[in-house]
1. Looking for something modelled with pLDDT of 90 or more, among the hydrophobic types (A, V, I, L, M, F, W, C), in a helix (DSSP H, G or I) and within 26 Å of the chain's Cα centre (by Cα) - is there at least one such residue anywhere in segment B:771-787?
2. Out of the residues in segment A:70-91 that are in contact with an Asp or Glu (Cβ under 9 Å, 6 or more places away or on another chain) and facing chain B (nearest Cβ under 9 Å), which is surrounded by the fewest Cβ atoms within 10 Å (Cβ to Cβ)?
3. Quick check on B:Ala383: is it over 24 Å from B:Ser295 (Cβ atoms) and out of contact with any Pro (no Cβ under 8 Å at 6 or more places or on another chain)?
4. Can you tell me which residue among B:Ala409, B:Ala414 is aliphatic (A, V, I, L, M) and surrounded by fewer than 21 Cβ atoms within 10 Å (Cβ to Cβ)?
5. Restricting to segment A:88-105, what's the tally of residues that are under 17 Å from A:Trp118 (Cβ atoms) and part of a helix (DSSP H, G or I)?
6. For the subset of segment B:559-584 comprising residues that are without any contact (Cβ under 8 Å) to a residue 40 or more places away in the chain, within 32 Å of the chain's Cα centre (by Cα) and part of a loop (DSSP other than H, G, I, E, B), which member is surrounded by the most Cβ atoms within 10 Å (Cβ to Cβ)?
7. Only one residue in B:Thr1027, B:Thr1022, B:Thr919 is touching a strand residue (DSSP E or B) at 6+ places or on another chain (Cβ under 7 Å) and not charged (D, E, K, R), so which one is that?
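The values are calculated or read from the model by the stated rules, or taken from the named source; none is laboratory data. Keep in mind it's a predicted model, so treat the numbers as computed, not measured. Reconstructed Cβ throughout: ideal geometry from the backbone, glycine too, with neighbour counts over all protein chains shown.
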Amino acid sequence: QITCATCHDPHSAENHHQLRRVSDVELMDGTVVTFGDEGKLCMNCHKGVRTDSSEIQKIANAHESGDPIRWAKVHLLPDYAYFSHQAHVNANVGCASCHGRMDQMEVVRQVEPLSMGWCLECHRNPETHLRPEGVAVTDMEWTADDASIAAARQRLANKEVQPPEHCSACHR
Amino acid sequence: MTDMQIQPRSSGSAGDKVYWRSLDQLADTPEFQDVLRREFAVGADEGPFADGSLADPVSRRRFLGVVAASVAMAGMTSCRKPGREILPYAKRPEGLVPGIPNFYATSFERHGYGLGVLVRSSDGRPTKVEGNPDHPGSQGGVDSFAQAEVLNLFDPARSKWVRTPHEAEGHDDGDHSHDGHDHDGHGDEHAHHHTLADFRSFWGEHALKLAGNEGAGLHVLMAPTASPTVARMVAEARSALPKIQVHTWSALVRDHEVAGSKLAFGEAFDTHHDFAKAKVVAAFDSDFLGTDATSLAQTRSWAKGRKIVDRDGSVSRLYVVEPTYTLTGSNADHRFRLSGAEIGSAVFALAAALGVPGMDAAAKAHTAGSFEKNGKNWLAAVAKDLRAANGEACVVVGPRQSAAVHAAAHAINAHLGANGKTVTYTRTPAALAGDTLASVRSLVDAMNAGQVDTLVCLGTNPILDAPADLGFADAYAKVAHRVHCGMWIDETAKASSWHIPMSHPLEHWSDTVAADGTAAIVQPLIDRLYPNTRSTAEILSELLTEPKEGDALVRATWQTRKPSGMPFETFWQKALHDGLIAGTAQDAATPTLAASAIAAAISATPVAATPTKQSIEVGFRACPTLLDGRYSNNPWQQELPSPIEKLVWDNAVLMCRSAADALGVYNSDVVQVKVGERTVEGPVWIQPGHAENAVTVWFGYGRKMSSECAVAEIPGFDAYPLRGSDAPHYAAGATVTKTGRTHTLVSSQEHGVMEGRPLVRENDLATFKADTQWTAVDASPLAKAAKLQGKTESQLMHSLWTERDYSQGYQWAMVIDLNTCTGCNACVTACVSENNIPMVGKEQIANGREMFWNRMDRYFTGAATQDGVPLDDDPQVVHQMVPCMQCENAPCESVCPVAATVHSPEGLNDMAYNRCIGTRYCSNNCPYKVRRFNWFNFNKDHSPQRQMAFNPDVTIRARGVMEKCTYCVQRINSGKRAAKGDGRTVRDGDIRTACQQACPADAITFGNINDPEAAVTKLRGTVDRKTGDLVTAGSPLHYAMLSELNVKPRTTYLAKIRNPHPELSCADALDHRH
């Protein structure tokens, strides 16, 4: 199954678009899987799948020509807000908490306001978004339950997770 | 604000130490009182076009046009979220993650020597220059010049095209800069531009002709450089064209230094001083902490010798003899002002007093001059002190003194037993050992004799900076083919038949050699911004009609020089990674002194006449911020206040108060300075401590570059026309006359006045060691009151409201050491570069609207009158860097009506720009005046090039908001994140603020005060927050500025310890216990 992490690498700190780095992986059977930039990753599958789609052709063209793909930026944060994916992924906050159910979107859209009030709401009460160990951040189906909330509260009490609420956490 | 405590000039009695910031303050004028009563200076809080008394022709509108030099970016002004695209790298470079900056090691060149740096690359753009701790030229520190290189690289006015005579001479004289919107980097599109291909097609044919004559008639004038690749290319040119003539010239002449060592040793040697090991240093006209060669390394070594944190420590002693106040003089324990001509005599007299063998007879002729100060023979005391140091002493002479003086200094150092201890020698690279004055003179002679068919000015600008008496411009006009290579359309470019644009060191390959011989590779941080630009070595290959890329040229040099047995790629990658080539440092040489030659040279030196009111001495200096003019078009350097005068955007005729009084002039009055038949006119600035009957002028101003170089075009007067080849440093017999006109000079010194409270505290070493009860805290008024009750200051401090609990987590703090801080301004530029601080221009600074987040305050100190010399003629100087104090009980926060400035749990005083509505109440309530207000949209119209120099990790502020020092919170956040990623807490030293990183003196300590092992905690000590009782003692020198206000600043200071000579101490260093 394709998950968010197939293409995105949220561990890379302030990496703005989180796209995976270039790397070629040779599997046991000799197949070379290419993770990486412009179209290379997509073309692993789309060499054969839906080649007639105009959107896929854009990717194929980019792969061919080496020009960057002009992706539309959907989630817009203002320039004066500095945000780190790394911190959130390390705290095990799910992708869906901010990006919504991407698996159910035909066309990707922004479902949360990404406003400061919305950020702070979660920073003040993060229990329902902190996933327990073993649950992938990319799991789209996961929802909080009493056990996960209790575990999250424990992590907060232990200061393993300290969501900041002061200005310079995001503004500088 | 009722209780003014300013000492009027006449009221201080001998022995009272007075601090003042400027002459107006000392004079207690009504104007100054008015400044004190205002929150901002005159005009700062008035309407946008209030010009008050300031009649400067540079309007704000013009300034914005000039500095921005840009077109507004289309489509960036929408107030709705614009649609955006993500364009990832098609082929992402190795090791690059978008958003994460990388550092690359490279090297700059100063005075021909290498200066290793690390450059931050933010998404492929070089955005910040930092020191390379491994490189001997920087040792981790960096100065304002190296940091300002980023702005030189992205200067939209740089030359981009090859030009031919018609364009170079004709098109750039017209002033088309009034609307300020045609300088978009393509504003010269109406001109017909050439590419390198055009030059090549000309040169190919021309070179054939030259080669036919073995290069006869081909001359090259280049700047002195120790670069091995450039040396190799010059050698190649010489072997291909045996009759080619290569000349060297730089306005920052070091000829005397070279000649002095040739005189003393028979060969050219470079002198290296280890100030860290020296107990006593006597500097004669040497600005080794400021503009003289290798100042970065010397600052680090000097600071090591001045570091003191407790009573067990010790500091070196520095004597300075100089005509004009320099950074070095301002750090002296004893300073003797003396005209430049007489300084040689002082060195000879010192040699006599020390009994240097073989030359005492010669030296005695020079002892007639009086070195008396306050009834004490100053020089005799220095001699005694030097001798007593038993070899741990050295004498330093600056490049402005004659060869005989340098030779005498070598003899003195040998006699003192300093060689091998505090003084070492290495061979001067051949390329730097020439006589540049003779070289440029022979070139002019050849041009006048019609022997020069083609002259290539390679990275030089002789029309501006060649000695005026040589008549370079007239001789140049006689040359048939005049090729100029430079980064700007400068004075020489305009007079040339071909101009080739040069690349910046951040965009080309080259190599450098540091003063100790350590080689380093210069690697590009970015591709050429303009495809026609070339480096020095590349242009030499063009001249040989075998154009090669710099990469290939530098590799070829090192193919033969790399250590044998190492594969080239391994060697190359390591050299690039380290920023230096290990093992290339020279071994120290032990040259033999030729005593008789030195004695003969001293005998042949006539005793210099003391300047008089009728025969004034003019001193020529590199500007402390623009050097010889290479930073003239750099707004950061133009706006950086000079270290002593705090002048911005101007140079001046510097003189002492008595000289100005005698002329009947005051600051900003224009005078004419006449040397022989040559004259210049410039405004007067009174520099307390300047030698009498002498004036000093700086180079770098009054430039006549192309109209695109509008930053350089505005300010100052050109001092080069006064400088002759016979007297390149000091011209005697000048006259200075009043013209009756004025040119308003602007100094940043009047702003942020702190009303005579003990802001800078100092003591002398002997008292500090003897009086074990004294601590720097004692000077606080509240501490004095507490002492009467048998308590400490912190025990008396009570807050009106419940104080926050700062006992948990990280709590950031900074300690600034006033002992090692030299006042060099590196921290100021570091902050500007790191935090995207806008430059505001002269007029706005006059209005008190400068934007520097940290400022370097300079106070003059000294006894009110001594020896009949008024205080303001011969004072001492202290420097104090003032960033935000990050008060725990921050007064700014309590008055903000919109909670735009609030405290973070880590003790930072946060500023949220988007909340700020610009009431400026916070600034009103800040006791330190460290908050800055954006009166205008200084960041609105930047050229695309200039935008590339911004740090993407810091918000660019718009009009109408307050801003201030954040302790580089972006660095704190990324340091915390990195530590957390490694599963640990932040260690001491993990996070370095920009000012701390840059500081060549290592005067800034930053860290977490909840970490008992942190350096900052050890300096501060700890106090029980409830009772105010001392828990662990910090340094006795530690104090907080205005601690009596109970604002509990996190930024604190270590008091200055001076080390006066006991026999001179009562003479010019009176009661220092402030």
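1. No, segment B:771-787 contains no residue that is modelled with pLDDT of 90 or more, among the hydrophobic types (A, V, I, L, M, F, W, C), in a helix (DSSP H, G or I) and within 26 Å of the chain's Cα centre (by Cα).
2. Taking segment A:70-91 first, the residues in contact with an Asp or Glu (Cβ under 9 Å, 6 or more places away or on another chain) are A:70-73, A:75, A:82-86, A:91.
If we keep only those that are facing chain B (nearest Cβ under 9 Å) too, we end up with A:70-73, A:82, A:84, A:86.
On the way: A:Arg70: 12, A:Trp71: 14, A:Ala72: 10, A:Lys73: 17, A:Tyr82: 21, A:Ser84: 19, A:Gln86: 20.
Of everything passing the filter in segment A:70-91, A:Ala72 is surrounded by the fewest Cβ atoms within 10 Å (Cβ to Cβ).
3. yes
4. The conditions single out B:Ala414.
5. Residues in segment A:88-105 being under 17 Å from A:Trp118 (Cβ atoms) and part of a helix (DSSP H, G or I): 6 in total.
6. Checking each candidate, the answer is B:Ala582.
7. B:Thr1022
Results for (1) crowded, with 22+ Cβ neighbours inside 10 Å; (2) within 25 Å of the chain's Cα centre (by Cα); (3) among the hydrophobic types (A, V, I, L, M, F, W, C), shown as yes or no for each residue.
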| residue | (1), (2), (3) |
| --- | --- |
| B:Ala226 | yes, yes, yes |
| B:Val230 | yes, no, yes |
| B:Ala235 | no, no, yes |
| B:Gln245 | no, no, no |
| B:Trp249 | yes, yes, yes |
